[in-house]
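The values are calculated or read from the model by the stated rules, or taken from the named source; none is laboratory data. Small disclaimer: the values here were computed from a predicted structure and weren't measured. Here Cβ is always computed from backbone atoms with ideal geometry, including for glycine, and neighbour counts include all displayed protein chains. To get the accessible areas, we keep the full protein, side chains included, count just its heavy atoms, and leave off ligands, DNA and RNA. Shrake-Rupley method; radii C 1.70, N 1.55, O 1.52, S 1.80 Å.
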Amino acid sequence: MKPYPKILLRTVQAGVLVFPFLVWGLWAWTPLGFWGCVYLAFLCELLPLLGLAQLPLADDEGPFPRIPVYLSSGAVILILGWGGLVVGTGGVGREVMGLGPISVPALLFWTAGVTIGVHVLQFGFLLGRTWLGIRETPLLHQLLPRTGPEKVVFVFLSLAAGMGEELAFRGFAIPTLALVTGSEWGAALISSMAFGVLHAYQGWLGILRTGAMGLLLAASFILSGSLWPAILAHAILDLVSGLLLGETLLRES
């Protein structure tokens, strides 16, 4: 791995120092409770910074223990989602988080629409990357499952990501950020930027791509009023990208 960039290290260190002041500011100037402020600041400031700290890993070409990484990542994401569920239901409530009932036709319509949208976006990034001659990071290639056991565990990771990340970054973050900013779409933009930076291990292109996908998932949440289509579409996206289209999406020419 290349030497750790000093500017990145200083950015992360500064962000960690700012974190308690951000929590205090949210607590003092917003209607959110204390734990809501802590969790919101954690999701939108501290966690993306920790993701940004992993940016140098994107160029790592060393051996990659996929199954342990899938298991540990899935567990962490589920804990993240559980935190959003607990803090969110005690704050804005389950209905505002989009966890109320939705009709089957509406669920299918929105899930199909956002699933198609994110796959179109993926292929748009593929075409743009190919045209500009931008290469995907070695780590992203390493993340693809190859053996039967790896693919089985990758299914767990995909389902965990669909549930956990949507509960945190859409179900919790958007309603609470809307209280802070006064705008659901402003909240969607901020949460999607944080979501993109969280995936810094995919490199700068991955940050932009994941952030754009997060914005589409956020749009489905806002327009449908339900989080379930985003949860399903996210899980489907990860499963299809990892198990079916991975090599195609990462090809270099």
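Give the residues of region 98-151 that are closer than 23 Å to Gly81 by Cα and β-branched (Val, Ile, Thr), sorted by residue number. Within region 98-151, Ile102, Thr111, Val114, Thr115, Val118 meet the criteria.
Hey, can you tell me all the residues within region 143-182 that are over 18 Å from Ala75 (Cβ atoms) and open to solvent by 50 Å² or more (accessible area, probe 1.4 Å)? Talk me through it step by step, then tell me what you get.
Filtering region 143-182 down to residues over 18 Å from Ala75 (Cβ atoms) leaves 144, 146-148, 151, 170-182.
Hits for region 143-182 are Arg146, Thr147, Lys151, Leu179, Val180, Thr181, Gly182.
How about region 113-128: which of its residues are open to solvent by 20 Å² or more (accessible area, probe 1.4 Å) and not β-branched (Val, Ile, Thr)? Answer for region 113-128, where residues must be open to solvent by 20 Å² or more (accessible area, probe 1.4 Å) and not β-branched (Val, Ile, Thr): Gly113, Gly117, His119, Leu121, Gln122, Phe123, Gly124, Phe125, Leu127, Gly128.
Would you check which residues across region 14-39 are open to solvent by 100 Å² or more (accessible area, probe 1.4 Å) and more than 22 Å from the chain's Cα centre (by Cα) and list them? Working first, answer last.
Let us first name the residues in region 14-39 that are open to solvent by 100 Å² or more (accessible area, probe 1.4 Å), namely 17, 21, 24, 27, 29, 31, 35.
Passing the criteria: Leu17, Phe21, Trp24, Trp27, Trp29, Pro31.
Restricted to region 43-59, and to residues there that are open to solvent by less than 60 Å² (accessible area, probe 1.4 Å) and not aliphatic (A, V, I, L, M), the residue that is farthest from the chain's Cα centre (by Cα) is Pro56.
Being assigned to a loop (DSSP other than H, G, I, E, B) and under 21 Å from Leu205 (Cα atoms) is the filter here; which residues of region 28-61 pass it?
Looking only at region 28-61, we keep the residues that are assigned to a loop (DSSP other than H, G, I, E, B), and these are 30-33, 53-54, 60-61.
Scanning region 28-61 gives Ala53, Gln54, Asp60, Glu61.
Assess whether Gly206 counts as being at negative phi, out of contact with any helix residue (DSSP H, G or I) (no Cβ under 7 Å at 6 or more places or on another chain) and open to solvent by less than 60 Å² (accessible area, probe 1.4 Å). When the stated conditions are applied, Gly206 does not pass them.
When Gly81, Gly93, Gly98 are screened for being in a loop (DSSP other than H, G, I, E, B), crowded, with 19+ Cβ neighbours inside 10 Å and at pLDDT 90 or above, only Gly98 passes. Return yes when Leu198 is at pLDDT below 95 and open to solvent by 20 Å² or more (accessible area, probe 1.4 Å) and no when it is not. Judged against the criteria, Leu198 is a match.
Which residues, taken from region 1-13, are more than 23 Å from the chain's Cα centre (by Cα) and among the β-branched types (Val, Ile, Thr)?
The initial filter retains those residues of region 1-13 that are more than 23 Å from the chain's Cα centre (by Cα), namely 1-7, 10.
Once the filter is applied, which keeps residues that are more than 23 Å from the chain's Cα centre (by Cα) and among the β-branched types (Val, Ile, Thr), region 1-13 yields only Ile7.
Residues in region 217-227 that are over 12 Å from the mean Cα position of the chain (by Cα) and surrounded by 21 or more Cβ atoms within 10 Å (Cβ to Cβ): Ser220, Phe221, Ser226, Leu227.
Residues satisfying the criterion are absent from region 129-143 (criterion: without any contact (Cβ under 8 Å) to a residue 12 or more places away in the chain and touching a helix residue (DSSP H, G or I) at 6+ places or on another chain (Cβ under 9 Å)).
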